[in-house]
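Below is one structure, written out as structure tokens; comments come after it.
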Amino acid sequence: MRSVAELDNLQKEVQSKLEKQAEQAQLIIGMGTCGISAGAKDILTALETELEERELEVIVKKTGCIGLCEKEPLVDVKLPGETRVTYGNLSVEDARRLISEHLENGNIVRDLVVAKMEE
Amino acid sequence: MATNEENIPSYQDLDFYKSQRRLALANCGFIDPESIEDYIASDGYQALSKVLTEMKPQEVIDEVKESGLRGRGGGGFPTGMKWQFAYDASGDKKYIICNADEGDPGAFMDRGLLEGDPHSILEGMIIGGYAIGADEGYIYIRAEYPLAIKRLEKAITAAEEKGLLGEDIFGSGFNFKLQIKAGAGAFVCGEETGLMASIEGERGMPTPRPPFPANKGLWDKPSNINNVETFANIPIIIREGAASFKELGTEDSSGTKVFALTGMIENTGLAEVEMGTTMREIIFGIGGGIQDDKEFKAVQIGGPSGGCLPDEKLDLPIDYDSLIEAGAMMGSGGLVVMDENSCMVDVARFFLNFVQSESCGKCTPCREGTRRMLEILNRITQGEGEEEDLELLRTLAESVKKLSLCGLGKTAPNPVLSTLRYFEDEYEAHIKNDECPGGVCQNLLPGYIIDYEKCIGCTYCIDACPIDVVDGRLEEIHEINEEDCNACGACEPECPVDAIIQKNYIEHFPQYRHLLEEDEEEVEA
Amino acid sequence: MKLTINGEKLEATEGQTILEVAQENGIDIPNLCYSPELKPEGACRMCVVDIEGVADPVTACTTEVSAGMVVETETPSLKKMRKVLVELMLANHDVECLTCDKAGDCKLQDYAYRYSVKKVRFEGEKTEFKGIKDDNPFFIRDNRKCILCYKCVNLCKQVQGEASINLENRGFDTRVTTAFDLPLEEINCQFCGLCVNECPTGALMEKSALRKARNWELKKGSTICPYCGVGCELELNIDENDQIVKVTTNSDNVNRGQTCVKGKFGLDFVNSEERLTKPLIKEEGRFREASWEEALDKVADNFGRIRDEFGGDATAALSSAKCTNEENYLMQKFMRAVMGTNSVDHCARL
Ligand SMILES: Cc1cc2nc3c(=O)[nH]c(=O)nc-3n(C[C@H](O)[C@H](O)[C@H](O)COP(=O)(O)O)c2cc1C
Ligand code: SF4
Ligand code: SF4
Ligand code: SF4
Ligand code: FES
């Protein structure tokens, strides 16, 4: 990084990249120590296999702890143009439901939901 | 819009988030901590670019002073002032150190930050390095945080690749490099002089201050050491300005503080609130109150160096100074909530046990004194306490507090002193009445007796008792040998006619009065 | 700069600690881990004093004086806390003063007396004892009596440069030991005995002194070590039979309390029965006693004879490290000027 302009350009570049990504469906999984110890790794594998089997083009992102350690593992589903919805206390089975019900059919899985995230 | 979105609470509606003010944690849970681009997209490294291209070191220090930021590692020392000392110290080589040892049992604020937003800490450290004139920094992190270490390593490599670490950053001529040092997880290595000894490869033992690290720190060079959360606040202060930071919090404690909520509380987790928020708001608002509708008894704030506060202190606004006054301290931000079924003597014993086994052994009061205090607490919780013990405890506590070399010893008696201050009656119940009001201390639990009016002599209780202290023949009245009963309670649910009751109930219920009278008669006889 | 200690107005220079200024002025502040030869350790906490305007007591050995400072060293509350410290040390100590060879010269005992410790209020468990270490000919190490002042460890590292001993475990289980608990003879210990000299208690004791005499029965005599030209000052501790029981040094000496193994542990020859006290002349394979005149004449005659017959270069001289510099000078002068040879040498060069 040699100048302020260089940083600003990079910021614009990555911001537009992220905006582009938002045009696709996203799964965001909490991968802090709290998430992992509650089973986030298994959930992640399950999500990835499921996506592959169903041949879905979805961006899977990892993130840190959002504070709700009590409700880990947490997975957020974000469909293009819609509110991001957080699900918690998930089992591997639950995670698959997020894909079949919310991701594919746009139905929020009410029994697993924690909250929605309004911008 | 998803079809069935209505009636789903939004984050702002959740008790847990409603009164939080997420500043240091703003990125945690939102960005990918392993991607420097995610960080840059959310204004990452903008503060650094501003500092390096527009500000002189003294201006940076002044801005931090102006913000009123105080150290989040426990002591609450004004960060700007500390930077000024290190800046003023003469020396060609200086170091900046991040304290990520996080040794308090029950604390995980720093882990959350390190795992969730490592670049913010890097950015804070580079700014700090520029401000005090250091070209090298260390992150001292406990080895029990492998994920945090991995993410820090990744972050450092990414920052190096982008030229945010290394030589001539932003063309300013400022060079800075960062190293990670994994500590072996001794609590005392979180103490700044012990930490520096540990980086140097020495035994992690604190040394007397002065000389302060600002003048003679790592390898005898001027050094500045700050906590993870302190550093995470720096980019925010630079980006948003000291004035807007100072608007948050109270007069003498500005900004926010991250707390790790644990214990018998509905919502455990990491919460960041404005300084000055009351303990009640944190526990009953954010924390959702006590589990299973039980009564609140106390909250231990500040980890093993802190203190236990009772319900009459729940409306205390949380800031550095009022906590000290109440006999606790901010510490690094651990909050352990205890319900009616906790024993405050046992809680004091737990924390004292922790510090005494973490004492480095250097100075007499801490090494010997904490052990003797622990022995007294062990005696009391085992029902062998004497009345003089409280006096002895106080004498020891005062000497250990006043005479110890480092903060570990100086604060080790706090849990004992604060429980003695607010819950002396519990100590006395243990000592004088052989009772544990919280029902925790095994040796003091009231044993069981059999209501002779109800017993049908079925022998079930005889089979249930693991230590064979029930006597009786089939279809004759059974009796529990009260001396030997250890109150395990195994027999109680086995009785088909509910004839087995715990002894402390009999005086409270009229239907057991006949048992009580019998007891008294025995005493008289 | 001026400051006040216990009401006395005193002069001090910048950089001095409160303890140093007090000692210079005859004010006795208790201390166990302090040594003028060491960086202040601040471990024992016995030297705590009150400074006007400072809330908690500070350690005098680590705190530098400042102008106008007002210090109190024996307030009732300090006495009370020091008493607690002594009790804490005694609670984890093998209190056998009745038979301890250190009794009478033991700082722990002195402070227990000074602060009237009659009964220790905090009895309890003691640090696990791994046995008295008797692993060398010179001294024993008895952990039960160690109060962990760390002087031995620091002296060995900072002064002697050996770092033969260090700590194991932490907290209440801390102990002074060698690497892997190896016997001192198997590691780099020089047996300088510095650690033994400075140990305030009976944890490190000269073997020669065990069960010999109470400390107050010993006569003390100051002398210069006969072994070499360095000239270390030694203090001989002599019992009623004029036997040297142990050799000690002190930090006021030119050698600042240090000696080598010979000075500290090698002076037992003084009392040896086999020691030569008169010159002997060998005749027909047997020694006979002679007077100094006769012996010296004999040496002179033979030196002269060899020089005259074979020339000075037929002789050479090797002098001993036990000689002073002046004696060594004379030796080489004699060889060059009288014997006529340059063949001179000294055992320190070997
Ligand atoms: C026994 C002991 C343990 C400590 N542990 C930590 C720790 O784990 N993390 C931390 O940041 N500070 C810890 N501290 C406080 C540090 O010594 C130091 O004050 C702090 O890192 C300074 O940073 P700050 O000014 O940003 O708070 C500890 C202090 C003591 C006495
Ligand atoms: S107070 Fe405890 S931890 Fe601190 S130096 Fe003394 S013995 Fe070590
Ligand atoms: S005798 Fe000397 S070298 Fe050996 S342990 Fe003691 S101080 Fe160290
Ligand atoms: S052996 Fe003696 S000098 Fe060494 S620490 Fe123990 S008491 Fe101090
Ligand atoms: S002499 Fe000062 S602490 Fe030991």
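Restricting segment B:352-365 to residues that are assigned to a helix (DSSP H, G or I) and open to solvent by less than 10 Å² (accessible area, probe 1.4 Å), which is farthest from B:Met264 (Cα to Cα)? Walk me through it before giving the result.
Going residue by residue through segment B:352-365, those that are assigned to a helix (DSSP H, G or I) are B:352-358, B:364-365.
Next cut, open to solvent by less than 10 Å² (accessible area, probe 1.4 Å) only: B:352, B:355, B:364-365.
Working: B:Leu352: 20, B:Val355: 22, B:Thr364: 36, B:Pro365: 33 Å.
Per the stated criteria, the residue is B:Thr364.
Do we find that C:Glu293 is more than 15 Å from the chain's Cα centre (by Cα), open to solvent by 40 Å² or more (accessible area, probe 1.4 Å) and farther than 26 Å from C:Asn328 by Cβ in this structure?
Numbers: more than 15 Å from the chain's Cα centre (by Cα): yes; open to solvent by 40 Å² or more (accessible area, probe 1.4 Å): yes; farther than 26 Å from C:Asn328 by Cβ: no.
For C:Glu293, the condition - more than 15 Å from the chain's Cα centre (by Cα), open to solvent by 40 Å² or more (accessible area, probe 1.4 Å) and farther than 26 Å from C:Asn328 by Cβ - is not met.
On the basis of being open to solvent by 10 Å² or more (accessible area, probe 1.4 Å) and more than 17 Å from C:Phe122 (Cβ to Cβ), does B:Asn378 make the cut?
On the way: open to solvent by 10 Å² or more (accessible area, probe 1.4 Å): yes; more than 17 Å from C:Phe122 (Cβ to Cβ): no.
So B:Asn378 fails the test.
If a residue has to be loosely packed, with under 14 Cβ neighbours inside 10 Å and not β-branched (Val, Ile, Thr) to count, how many in segment C:296-344 make the cut?
Count: 27.
Considering segment C:158-180 alone, what residues qualify as being charged (D, E, K, R) and within 12 Å of ligand 4 (Cβ to nearest atom)? Let's see the steps before the verdict.
Of all residues in segment C:158-180, those charged (D, E, K, R) come to C:162, C:168, C:170, C:173, C:175.
Selection gives C:Arg175 alone.
What's the total number of residues in segment C:29-65 that are within 11 Å of another protein chain (Cβ to nearest Cβ) and more than 6 Å from ligand 5 (Cβ to nearest atom)?
Of all residues in segment C:29-65, those within 11 Å of another protein chain (Cβ to nearest Cβ) come to C:32-33, C:39-48, C:50, C:55-59, C:61-64.
Checking which are more than 6 Å from ligand 5 (Cβ to nearest atom) leaves us with C:39-41, C:48, C:50, C:55-58, C:62-64.
Total meeting the criteria: 12.
Looking only at segment A:67-96, count every residue that is more than 16 Å from A:Lys41 (Cα to Cα), within 14 Å of the chain's Cα centre (by Cα) and not acidic (Asp, Glu) and tell me the total. Can you show your working first?
Narrowing segment A:67-96 to residues more than 16 Å from A:Lys41 (Cα to Cα): A:67-68, A:70, A:77-86.
Okay, now just the ones that are also within 14 Å of the chain's Cα centre (by Cα), so A:77-80, A:82-86.
Subset that is not acidic (Asp, Glu): A:77-80, A:83-86.
Residues that pass the stated criteria total 8.
Grab the helices (runs of 4 or more DSSP H) fully contained in segment B:1-117, keeping just those with 2 or more residues being away from every other protein chain (no Cβ under 14 Å) and surrounded by 17 or more Cβ atoms within 10 Å (Cβ to Cβ). Full working, then the answer.
Working: elements: B:15-18, B:36-41, B:46-54, B:57-67, B:79-88, B:109-116.
The qualifying helices (runs of 4 or more DSSP H) are B:57-67, B:79-88.
So C:Asn255 clears everything in (1) within 16 Å of ligand 3 (Cβ to nearest atom); (2) in contact (Cβ under 8 Å) with a residue 40 or more places away in the chain except one condition, right? Which one?
C:Asn255 satisfies every listed condition except (2).
Regarding segment C:207-229, can at least one residue be identified that is within 14 Å of ligand 3 (Cβ to nearest atom) and in contact with a helix residue (DSSP H, G or I) (Cβ under 8 Å, 6 or more places away or on another chain)? Outline the logic, then answer.
Keep residues of segment C:207-229 that are within 14 Å of ligand 3 (Cβ to nearest atom), which gives C:207.
In the following step, the residues that additionally are in contact with a helix residue (DSSP H, G or I) (Cβ under 8 Å, 6 or more places away or on another chain) were identified as none.
No; the residues of segment C:207-229 include none that is within 14 Å of ligand 3 (Cβ to nearest atom) and in contact with a helix residue (DSSP H, G or I) (Cβ under 8 Å, 6 or more places away or on another chain).
Which count do you get for residues in segment B:329-358 that are within 13 Å of the chain's Cα centre (by Cα) and either within 15 Å of ligand 1 (Cβ to nearest atom) or hydroxyl-bearing (Ser, Thr, Tyr) (or both)?
9
State whether one or more residues within segment C:44-59 are open to solvent by less than 60 Å² (accessible area, probe 1.4 Å), touching a residue at least 40 places away in the same chain (Cβ under 8 Å) and either in the same structural domain as C:Gly266 (by TED's automatic domain parsing) or within 16 Å of ligand 3 (Cβ to nearest atom) (or both).
Looking through segment C:44-59, none of the residues is open to solvent by less than 60 Å² (accessible area, probe 1.4 Å), touching a residue at least 40 places away in the same chain (Cβ under 8 Å) and either in the same structural domain as C:Gly266 (by TED's automatic domain parsing) or within 16 Å of ligand 3 (Cβ to nearest atom) (or both).
Looking at segment C:1-15 only, could you name the residues that are assigned to a loop (DSSP other than H, G, I, E, B) and touching a helix residue (DSSP H, G or I) at 6+ places or on another chain (Cβ under 8 Å)?
The initial filter retains those residues of segment C:1-15 that are assigned to a loop (DSSP other than H, G, I, E, B), namely C:1, C:6-7, C:12-15.
Hit for segment C:1-15 is C:Ala12, nothing else.
Quick check on my filter: what residues within segment C:233-249 are open to solvent by 20 Å² or more (accessible area, probe 1.4 Å), in contact (Cβ under 8 Å) with a residue 24 or more places away in the chain and within 11 Å of the chain's Cα centre (by Cα)?
C:Thr248
Checking the conditions here, which among A:Lys62, A:Lys17 is open to solvent by 10 Å² or more (accessible area, probe 1.4 Å), within 19 Å of B:Ser120 (Cβ to Cβ) and either at the interface with chain B (Cβ under 7 Å from one of its Cβ atoms) or without any contact (Cβ under 8 Å) to a residue 60 or more places away in the chain (or both)? Walk me through it before giving the result.
Details: A:Lys17 fails: within 19 Å of B:Ser120 (Cβ to Cβ).
Every option except A:Lys62 fails the conditions.
Looking at segment B:343-383, which of the residues that are more than 10 Å from chain C (Cβ to nearest Cβ) and among the small types (Gly, Ala, Ser) is nearest to ligand 2 (Cβ to nearest atom)? I'd like the intermediate steps shown before the answer.
At the first step, the residues of segment B:343-383 found to be more than 10 Å from chain C (Cβ to nearest Cβ) are B:343-354, B:377, B:380-383.
Within this subset, residues satisfying the condition of being among the small types (Gly, Ala, Ser) are B:348, B:383.
Details: B:Ala348: 18, B:Gly383: 30 Å.
Here the answer is B:Ala348.
Can you say whether A:Arg2 is modelled with pLDDT under 95, more than 11 Å from every other protein chain (Cβ to nearest Cβ) and farther than 30 Å from B:Gly288 by Cα, as far as the supplied structure shows? Working first, answer last.
On the way: modelled with pLDDT under 95: yes; more than 11 Å from every other protein chain (Cβ to nearest Cβ): no; farther than 30 Å from B:Gly288 by Cα: yes.
When the stated conditions are applied, A:Arg2 does not pass them.
Return the pairs, sorted by first residue and then second, in which the second residue is open to solvent by 60 Å² or more (accessible area, probe 1.4 Å) and assigned to a strand (DSSP E or B), the first residue lies in segment C:167-195 and is away from chain B (no Cβ under 13 Å) and within 10 Å of ligand 3 (Cβ to nearest atom), the beta carbons are less than 8 Å apart, and the residues are 6+ apart or on different chains.
Taking only residues 6 or more apart or on different chains, the pairs are C:Thr178/C:Asn166.
Which of the following residues is within 14 Å of chain B (Cβ to nearest Cβ) and open to solvent by 20 Å² or more (accessible area, probe 1.4 Å): C:Lys126, C:Lys133, C:Lys151, C:Lys118? Walk me through how you get there before you give the answer.
Details: C:Lys133 fails: within 14 Å of chain B (Cβ to nearest Cβ); C:Lys151 fails: open to solvent by 20 Å² or more (accessible area, probe 1.4 Å); C:Lys118 fails: within 14 Å of chain B (Cβ to nearest Cβ).
Every option except C:Lys126 fails the conditions.
Going by the structure shown, is C:Gly202 over 30 Å from B:Leu352 (Cβ atoms) and within 16 Å of ligand 4 (Cβ to nearest atom)?
On the way: over 30 Å from B:Leu352 (Cβ atoms): yes; within 16 Å of ligand 4 (Cβ to nearest atom): yes.
Yes: the conditions hold for C:Gly202.
Quick one: which of C:Ser222, C:Ser208 is in a helix (DSSP H, G or I), of a type in the set (Gly, Ala, Ser) and either in contact (Cβ under 8 Å) with a residue 40 or more places away in the chain or open to solvent by 50 Å² or more (accessible area, probe 1.4 Å) (or both)?
Numbers: C:Ser222 fails: in a helix (DSSP H, G or I).
Only one candidate passes the filter, namely C:Ser208.
Determine, yes or no, whether B:Leu165 is touching a Lys or Arg at 6+ places or on another chain (Cβ under 8 Å), within 11 Å of chain A (Cβ to nearest Cβ) and touching a residue at least 24 places away in the same chain (Cβ under 8 Å).
Numbers: touching a Lys or Arg at 6+ places or on another chain (Cβ under 8 Å): yes; within 11 Å of chain A (Cβ to nearest Cβ): yes; touching a residue at least 24 places away in the same chain (Cβ under 8 Å): yes.
Yes.
Just one of B:Leu408, B:Leu444, B:Leu403, B:Leu417 is open to solvent by less than 20 Å² (accessible area, probe 1.4 Å) and in contact with a strand residue (DSSP E or B) (Cβ under 8 Å, 6 or more places away or on another chain); which is it? Outline the logic, then answer.
Numbers: B:Leu408 fails: in contact with a strand residue (DSSP E or B) (Cβ under 8 Å, 6 or more places away or on another chain); B:Leu444 fails: in contact with a strand residue (DSSP E or B) (Cβ under 8 Å, 6 or more places away or on another chain); B:Leu417 fails: open to solvent by less than 20 Å² (accessible area, probe 1.4 Å).
Answer to the check: B:Leu403.
If we scan segment B:201-222, do we find a residue that is within 12 Å of chain C (Cβ to nearest Cβ), away from ligand 4 (no atom under 16 Å from the Cβ) and open to solvent by less than 10 Å² (accessible area, probe 1.4 Å)?
The answer is yes; a qualifying residue exists.
Just to check your reading of the model, which residue among C:Val95, C:Val86 is β-branched (Val, Ile, Thr), within 16 Å of ligand 4 (Cβ to nearest atom), under 27 Å from the mean Cα position of the chain (by Cα) and under 24 Å from B:Leu405 (Cα atoms)?
On the way: C:Val95 fails: under 24 Å from B:Leu405 (Cα atoms).
The match here is C:Val86.
The values are calculated or read from the model by the stated rules, or taken from the named source; none is laboratory data. No experiment lies behind these values; they were computed from the predicted model shown. Because the Cβ atoms are built from the backbone with ideal geometry, glycine has one as well, and the counts that use them run over all protein chains shown. Please note that ligands, DNA and RNA were not included when accessible areas were found on the heavy atoms of the full protein model with its side chains. Shrake-Rupley method; radii C 1.70, N 1.55, O 1.52, S 1.80 Å.
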